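As structure tokens, the structure follows; a few thoughts come after it.
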Amino acid sequence: MDQFDEEAVGATIRAKERLRSDPRAIAAHYDRGQIVIDLSTGYQVSFAASRAQGLAGASSSDLAEIEITPSGYGLHWPKLDADLWLPALLEGMFGSRAWMAVRLGAEGGKATSDAKAAAARENGKRGGRPREARKAKAVRKTRRAKASKAKPARKSAYSKASPTKLSLGKTKVAIMHRDRRLRRKAAKRRLYAKARA
């Protein structure tokens, strides 16, 4: 027996032990806003459909059709294309980590306490929250600083803007441009304009 076969046998044994000890879904149904799950341990668990990722806002007919995976660890709603993992549900995780973080953050923002009220009063004494214009100005300033650090200025032979004297006949014209080609074109234009006048 090679290493792969040994690992496969070990995984099969662990899976059988887990199936015997861990609760699995043996039945599930939708009842008046609640998803009710009958577990292999004899317990029944329910949660509000509006609290689960992919189920919030769904119609009763869509929520009523629930499929249980062969392992008993997964629940699937085919009309909604939504899946929930039973072990995560039992731990209070009603969706992905990112989805839960958004939900928990929203709940935390709504929470009120004496400490939060005291902090708000203290902030008010200092002038309150900064206005949006100040925030936007600070953001622009930060972005400019990052941009200037990220891209060093390109140096060229014509980086200094010094007056260059070009002559065409007896007329001398002082023109300031960085690029030699532009300087020559501008000088010619002025000289021709002066000659016409």
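For the reader, a short list of remarks on this structure follows.
- Scanning region 63-82 for residues that are under 15 Å from Val36 (Cα atoms) and either at pLDDT below 80 or touching a strand residue (DSSP E or B) at 6+ places or on another chain (Cβ under 7 Å) (or both) yields a total of 11.
- The criterion of at least 3 residues that are closer than 20 Å to Asp31 by Cβ is met by the following helices (runs of 4 or more DSSP H) wholly inside region 53-114: 60-64, 86-90.
- Per the conditions (1) at pLDDT below 85; (2) in contact with a Lys or Arg (Cβ under 7 Å, 6 or more places away or on another chain); (3) part of a helix (DSSP H, G or I), the sole criterion not satisfied by Glu122 is (2).
- Test: Ala52 is assigned by TED's automatic domain parsing to the domain that holds Ala15, of a type outside the set (D, E, K, R) and closer than 27 Å to Arg18 by Cβ: yes
- Consider region 1-13 and keep the residues that are surrounded by 10 or more Cβ atoms within 10 Å (Cβ to Cβ) and among the charged types (D, E, K, R). The one that is farthest from His76 (Cα to Cα) is Glu6.
The values are calculated or read from the model by the stated rules, or taken from the named source; none is laboratory data. Being a predicted model, the structure only gives us computed values, none of them experimental. FYI the Cβ positions are ideal-geometry reconstructions off the backbone, even for glycines, and counts take in every protein chain you see.
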